[in-house]
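To start, the structure under review is shown below, and the notes come after it.
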């Protein structure tokens, strides 16, 4: 929309107000979805009952209190935190690799993390000398990190295009899936059942402890991204331009990849591979709010959290009394929605 | 006053030394220095070396800057981008790099001023991906100018612009250079624009310097024959300014058999 010279500043302020409003609406959508997620289940609770149980647990019957606080809240919050973490990881991978198809899932980082966790689960193998209770997340992290570094090393080679990176990612996905199958082949029956859990992705095993760790990783990494918001945005103008602005492009890429590996590894270790959130969340955020990372980062997190939280709701209502694996739901529901968004979008971001 | 002098400067691309032994006199603030030479002469590489983005032997001696190396602003040749950013956001982004999150009124005023001076306020809220090549170049120029440069390094800033925009941009840069005491290096292919707008010239060919100094002393018929392999005249027009007129070119160097007209 053309504007006279004197109103460009006002125009920008209006744009910023609109972005803040959109962030507010996303947060509101998340809150509604969270309440719905808490209300639904084999024991149906009204929205008011849920709010009461959250605000003053003593004022509701013990059954409702136990259902909300001990069963549903860790799962519902895990959906929010995992959705936010995976979407943030995807947003940053797309930014630093300058590639719309980049995400922990499509580039094999999630598959590598699953393989790392499966090694621990099936054979008790520890990739780092740590206590047994931290073995799974750290195994997942080590494998995710190694994969991220392979992708990083290749992306630095001359003549490597965005398409090459995606092809390499597909190769890595197949490699780790094959290795995972090998682990299952040699593992005991009990271990195989546990490994299969990862490949489907499920929030039902969420606990307050796992939720705390995943949240801690998200809370610890977020300020590091936010501090570099201008530099990360500059990367989207091309490496030369970012470097001309004084951004240390190589260092920024490497640091971001380490953080992305952390963000992708912990959710995978706790809830299994949940695909497409890392791909879809950032795309929705980009279409709504653009790529100024000061707004894009929170928008990506909120979009990812809303999608996974809604998927959790859908997983309960598809067949009453049964909870579908969340990874299956995100793929079945999320992808058609995503395709309709892309095809319907007038402004193509990529 | 800001000054810049090259002393035996070379640059590595990977393991290869692509430019070497480039030495010049000291250029001073308030001057427009055109960097000219045939394709693959090393102009972009030299700019990257001067901006500190490439390593190599020799010294880029800078003196008199207020902000150290952050006063050196390099404008690379812009590849198309698919970033979901508006022109306004990209200019603000350039200005706020290495600064806090908070956007002050002074930042917005500076962005407004740059957009208005380049005559692109009407595309302020267009997405970068929707711009034409020329508009993208103007947006890129706006990003560079918004950083308050002390030394400007501009790599072919007018290559995608129409005649009117070329005149507008080069006049604007020359005026800024004069008003603010900026030292500007501009890679250009149009030698008539060089003669019109530049005070001095640095000639590169094959990764080495082929001379530097005042335009009229350096740009000679002999130099054009040796560096560009063209047969040319340099003549004074009815309004008193010098113009390069190309008569023919050589296919392999030395002899100039192809004569136009």
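In region B:51-110, which residues are on the phi > 0 side of the Ramachandran plot and not in a helix (DSSP H, G or I)?
Once the filter is applied, which keeps residues that are on the phi > 0 side of the Ramachandran plot and not in a helix (DSSP H, G or I), region B:51-110 yields B:52, B:56, B:58, B:64, B:98.
Pairs needed: first member in region B:139-151, under 18 Å from residue B:85 (Cβ atoms) and within 11 Å of chain A (Cβ to nearest Cβ); second member anywhere, buried (at least 24 other Cβ atoms within 10 Å of the Cβ) and at pLDDT below 90; C-beta distance under 6 Å; at least 6 residues apart or different chains.
B:140/B:78
Would you confirm whether any residue within region B:228-245 is more than 14 Å from chain A (Cβ to nearest Cβ), closer than 25 Å to residue B:25 by Cα, touching a residue at least 60 places away in the same chain (Cβ under 8 Å) and assigned to a loop (DSSP other than H, G, I, E, B)?
For region B:228-245, residues more than 14 Å from chain A (Cβ to nearest Cβ), closer than 25 Å to residue B:25 by Cα, touching a residue at least 60 places away in the same chain (Cβ under 8 Å) and assigned to a loop (DSSP other than H, G, I, E, B): absent.
Hey, any hits in region B:78-92 for a residue that's away from chain A (no Cβ under 11 Å), surrounded by 17 or more Cβ atoms within 10 Å (Cβ to Cβ) and modelled with pLDDT under 90?
no
Would you confirm, using the coordinates I've provided, whether residue A:235 is within 14 Å of chain B (Cβ to nearest Cβ), exposed (fewer than 15 other Cβ atoms within 10 Å of the Cβ) and touching a residue at least 40 places away in the same chain (Cβ under 8 Å)?
On the way: within 14 Å of chain B (Cβ to nearest Cβ): yes; exposed (fewer than 15 other Cβ atoms within 10 Å of the Cβ): no; touching a residue at least 40 places away in the same chain (Cβ under 8 Å): yes.
No, not satisfied.
Any chance region A:155-166 includes a residue that's within 14 Å of chain B (Cβ to nearest Cβ), surrounded by 17 or more Cβ atoms within 10 Å (Cβ to Cβ) and in a helix (DSSP H, G or I)?
no
Among the residues of region A:87-97, are any surrounded by fewer than 21 Cβ atoms within 10 Å (Cβ to Cβ) and more than 15 Å from the chain's Cα centre (by Cα)?
Among the residues of region A:87-97, not one is surrounded by fewer than 21 Cβ atoms within 10 Å (Cβ to Cβ) and more than 15 Å from the chain's Cα centre (by Cα), which makes the answer no.
Which members of region A:38-58 meet the condition of being touching a helix residue (DSSP H, G or I) at 6+ places or on another chain (Cβ under 9 Å), over 27 Å from residue A:318 (Cβ atoms) and exposed (fewer than 11 other Cβ atoms within 10 Å of the Cβ)?
A:58
Mind checking which residues of region B:67-76 are surrounded by fewer than 18 Cβ atoms within 10 Å (Cβ to Cβ) and more than 8 Å from chain A (Cβ to nearest Cβ)?
Of everything in region B:67-76, those that are surrounded by fewer than 18 Cβ atoms within 10 Å (Cβ to Cβ) and more than 8 Å from chain A (Cβ to nearest Cβ) turn out to be B:67, B:68, B:69.
Here are A:146, A:107, A:125: which of them is surrounded by fewer than 23 Cβ atoms within 10 Å (Cβ to Cβ) and outside any helix (DSSP H, G or I)?
A:125
In this structure, is residue A:108 within 16 Å of the chain's Cα centre (by Cα) and on the phi > 0 side of the Ramachandran plot?
Values: within 16 Å of the chain's Cα centre (by Cα): yes; on the phi > 0 side of the Ramachandran plot: yes.
Yes.
The values are calculated or read from the model by the stated rules, or taken from the named source; none is laboratory data. These numbers were taken from a predicted model, which means no experiment stands behind them. Virtual Cβ from ideal backbone geometry, glycine too; neighbours counted across all protein chains shown.
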